[in-house]
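Trainee: Before I ask anything, let me first share the structure, which is written out below as structure tokens.
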Amino acid sequence: MSELKYPKLFEPISIAGTYFKNRLIASATGHLDVHGNMETGYYHTAETVAYYERLAAGGAGVVTVGSCYVDKEHSDFGNYHVYMDDPFALHGLYELTSAITRYGCVASAELIHAGLYANRFKGGKGYGPVAMKVDGRNIVAISEEMIHLTIRKFSDAAAFAKKAGFGMVTLHAGHGWLFSQFMNPMLNTRGDKWGGPSIENRARLTVEVCDAIRAEVGRNFPIEVRISGSECYEGGYGIEDGVAFARQLDGHCDLIHVSAGSHEVDSVFTITHPSMFLEEGCNGIFAAKISEAVKKSKIVTVGGFSEPSLMEAYLEDGKADFIAMARQLIADPDYPNKIRSGHEAEVNKCMRCLSCFSSVQNYGKFHCAINPKAGREYESKFSLPPAAKKKVLIAGGGIGGMQAAITCAERGHSVILCEKSDRLGGTLLCEENVPFKRNLDRYIKGQRRKIENSPSIEVRLSCPVTPELAKGLRADVLIAALGARPVVPTFLKGYDRENVIGAEEAYIHPEKTGGRVIILGGGLVGIELGIYLSGLGKHVCVIELLPQLNDGGNHLHAKALKNEIQKHGIDIHLGTRALEVNVTGVLAEKKGVQLQFDADTVIYAVGQRPLQAEAAALHDAAPEYYSLGDCVSPKNITNATSCAYTIARAIGSLGF
């Protein structure tokens with residue numbers, strides 16, 4: 001075997017008697033696809049087991065199972081969680097750990113207590129360092145007796161995890177949960193040994209939990225503690241306290257996992273989970289600082305890592321001993337194996353769009369914009385019957401059409417992929433020069449490369465699919481993936497003036513927009529375009545008819561957009577109707593009052609028109625017919641890739 005390109009990433013290490021095959025950790029992700037109810041308890045489903053197993057199969061050295069709550073009565077943040085004090089969870093957890101460890105991977109259980117945020121959705125009590133009122137709830141100060149109960153709950157949970165087959169535990173002491181509440185000097189103003197201005201006192205609960213776990217599980221069982229190196233908001237603690245916290249933990253745990261921010265502060269949520277607007281490895285600075293101060297425990301860094309050369313440099317320079325990733329391994333669970341085996345160019349790099357996180361909160365499963373198998377690991381792990389080989393015509397070479405072509409080819413079909421423009425990629429090609437969409441551009445190029453390298457796919461560019469063409473090709477299957485086109489606001493007086501252009505043109509030719517820009521439409525297209533143009537130094541004003549901006553169903557990405565809107569000083573006018581485009585800008589109306597907004601250029605981003613009629617015209621051009629993506633209903637990349645994958649996978653496998 002040739003030398004590894006990234007030797008530090010794949011260097012084995014033994015810690016607390018446990019062998020780690022590499023330095024890549026699948027960070028905790030709280031899959032919420034469980035079965036049961038509040039009375040009997042919740043247990044992981046086969047689909048959840050398959051999700052974590054897929055991470056292990058992809059080559060990660062550690063797979064961390066998220067959201068393992070230690071106290072059913074006092075610790076739970078939300079619904080649909082597995083409790084480590086439920087003895088009936090044992091068998092399900094064993095199935096889960098067995099699925100992970102049979103790949104030579106260490107299984108870790110993330111142990112959590114939500115503290116003052118516990119029971120927020122259930123009407124029960126929340127317990128914090130001191131009595132306070134949060135979100136209208138009266139928070140009870142944790143008594144000395146309750147503190148010792150909590151310590152015992154954690155040590156019992158660790159012992160239960162070990163019995164269930166986990167090889168280590170991860171205490172979640174960051175992101176605003178119980179331990180970080182005790183660390184926060186604004187929240188923990190206790191006058192006893194558990195709080196006050198002393199770092200030693202505020203860290204005492206976490207340290208004593210570590211010691212109690214060690215006494216319970218013995219030496220040969222690693223303990224990892226995840227902290228926020230900095231809480232990154234006014235009122236939270238900074239890196240100085242993060243370093244001091246790590247010093248208190250040093251030697252009491254085996255790994256200190258350094259994250260940042262807090263879940264419960266909107267302005268820093270997308271620092272904790274870096275948005276597409278932040279640089280590669282943006283949170284690594286906190287681990288690098290802490291690594292200088294810690295002598296005994298190993299350091300884990302996390303936060304926006306996907307570039308292997310950067311990760312290798314962190315390890316080489318001693319800034320960390322392990323690299324943890326969450327969303328990157330959802331986008332491509334085979335990332336470790338691809339990097340190790342020299343297939344770096346084939347990696348699906350996470351776009352940090354937060355579609356996965358939004359979908360798990362909404363539906364219990366992670367669905368990824370660029371990995372249609374995410375959330376479908378269970379069905380994907382089983383081979384379908386061999387497909388009856390078919391000739392498949394795909395009309396449209398956008399996101400959905402490309403995925404359909406790739407999946408059809410993988411199933412053994414012969415594919416003709418027709419695209420009316422001169423490039424594959426669809427309407428999203430207009431964003432190829434946008435800095436925060438660089439991984440979208442990489443994804444499109446990667447899909448294009450797969451198609452070019454497939455002997456089963458014939459690509460026809462500058463070739464719109466008409467009914468006549470389709471019938472002449474005599475395909476067995478036709479997939480209409482025609483997409484949608486921007487709505488031109490013909491209803492608006494002055495829409496055809498020279499100072500008016502569409503969002504696509506503005507993306508491609510930002511130099512045409514002048515220094516002052518008005519964007520009509522506060523959906524994702526308009527907002528992201530506004531952020532892009534603001535980054536180029538232009539003053540942007542967004543006019544939206546509805547009383548709120550439209551996040552396209554991705555409520556967590558909306559947090560990142562809000563931060564960027566504030567950062568760039570973008571003017572937002574909600575509940576405002578554009579009446580007319582004139583020579584100096586836009587005449588609008590809000591609450592019966594007419595307003596004039598001046599600008600050099602007016603850009604419309606008022607929605608998409610699905611090409612339904614064009615798709616319907618093809619319905620009788622082949623014995624089998626499917627339509628997908630925006631030509632059905634304009635949605636998002638996640639929807640397009642998911643529909644394309646599932647439709648293509650089923651072709652020829654249904655008995656005909």
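The values are calculated or read from the model by the stated rules, or taken from the named source; none is laboratory data. Just so we're clear, the structure is a prediction, and the values are computed from it rather than from any experiment. Heads up, the Cβs are rebuilt from the backbone with ideal geometry, glycines too, and the neighbour counts pull from every protein chain shown.
Trainee: Residues that are among the charged types (D, E, K, R), over 26 Å from the mean Cα position of the chain (by Cα) and not in a strand (DSSP E or B): does the stretch 51-71 have at least one?
Mentor: For the stretch 51-71, residues among the charged types (D, E, K, R), over 26 Å from the mean Cα position of the chain (by Cα) and not in a strand (DSSP E or B): present.
Condition check ((1) touching a Gly at 6+ places or on another chain (Cβ under 9 Å); (2) assigned to a loop (DSSP other than H, G, I, E, B); (3) polar (S, T, N, Q)) across all residues:
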{"position": "LYS122", "(1), (2), (3)": "yes, yes, no"}
{"position": "LYS133", "(1), (2), (3)": "no, no, no"}
{"position": "LEU149", "(1), (2), (3)": "no, no, no"}
{"position": "ARG152", "(1), (2), (3)": "no, no, no"}
{"position": "SER155", "(1), (2), (3)": "no, no, yes"}
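Trainee: Related question: Among (1) of a type outside the set (Ser, Thr, Tyr); (2) closer than 22 Å to TRP194 by Cβ; (3) buried (at least 24 other Cβ atoms within 10 Å of the Cβ), which single condition is ALA60 missing?
Mentor: (2)
Trainee: On the given criteria, is GLY412 crowded, with 23+ Cβ neighbours inside 10 Å and either in contact with a Pro (Cβ under 8 Å, 6 or more places away or on another chain) or outside the structural domain of SER306 (by TED's automatic domain parsing) (or both)?
Mentor: no
Trainee: If you take the residues of the stretch 105-133 that are within 26 Å of the chain's Cα centre (by Cα) and either of a type in the set (Val, Ile, Thr) or surrounded by fewer than 20 Cβ atoms within 10 Å (Cβ to Cβ) (or both), which of them is modelled with the lowest pLDDT?
Mentor: This residue is PHE121.
Trainee: Related question: Within the bounds of the stretch 640-651, is there any residue that is of a type in the set (S, T, N, Q), buried (at least 23 other Cβ atoms within 10 Å of the Cβ) and not in a loop (DSSP other than H, G, I, E, B)?
Mentor: Scanning the stretch 640-651 turns up at least one residue that is of a type in the set (S, T, N, Q), buried (at least 23 other Cβ atoms within 10 Å of the Cβ) and not in a loop (DSSP other than H, G, I, E, B).
Trainee: Return the residue satisfying two criteria in turn: it lies in the stretch 560-579 and is in contact with a strand residue (DSSP E or B) (Cβ under 9 Å, 6 or more places away or on another chain) and of a type outside the set (A, V, I, L, M, F, W, C), and of such residues it is surrounded by the most Cβ atoms within 10 Å (Cβ to Cβ).
Mentor: Checking each candidate, the answer is THR576.
Trainee: I've got another one for you. Has the stretch 216-232 got any residue that is modelled with pLDDT of 95 or more, part of a helix (DSSP H, G or I) and either assigned by TED's automatic domain parsing to the domain that holds TYR19 or within 30 Å of GLY284 (Cβ to Cβ) (or both)?
Mentor: The answer is yes; a qualifying residue exists.
Trainee: Write out, first by first residue and then by second, each pair whose Cβ atoms fall under 6 Å of each other, whose residues are 6+ apart or on separate chains, and whose first residue, in the stretch 238-252, is in contact (Cβ under 8 Å) with a residue 24 or more places away in the chain and in the same structural domain as VAL207 (by TED's automatic domain parsing) while the second is buried (at least 18 other Cβ atoms within 10 Å of the Cβ) and of a type in the set (D, E, K, R).
Mentor: Sorted first by the residue in the stretch 238-252, then by its partner, the pairs are ILE239/LYS289.
Trainee: Here is a follow-up. The conditions are (1) among the β-branched types (Val, Ile, Thr); (2) closer than 19 Å to HIS35 by Cα; (3) over 26 Å from the mean Cα position of the chain (by Cα), and THR97 fails exactly one of them. Which is it?
Mentor: (3)
Trainee: On to the next question. Among the residues of the stretch 73-104, write down those that are polar (S, T, N, Q) and modelled with pLDDT under 95.
Mentor: Passing the criteria: SER75, ASN79.
Trainee: Can you give me the ranges of the strands (runs of 3 or more DSSP E) entirely in the stretch 469-555 with at least 2 residues that are under 26 Å from the mean Cα position of the chain (by Cα) and closer than 17 Å to PHE597 by Cα?
Mentor: none
Trainee: From THR301, THR272, which residue is of a type outside the set (A, V, I, L, M), under 16 Å from LEU171 (Cα atoms) and either surrounded by 23 or more Cβ atoms within 10 Å (Cβ to Cβ) or in contact with a Cys (Cβ under 9 Å, 6 or more places away or on another chain) (or both)?
Mentor: Just a single option satisfies the conditions, and that option is THR301.
Trainee: Every residue in the stretch 309-322 that is in a loop (DSSP other than H, G, I, E, B) and of a type in the set (Gly, Ala, Ser), please.
Mentor: Correct list: GLY318, ALA320.
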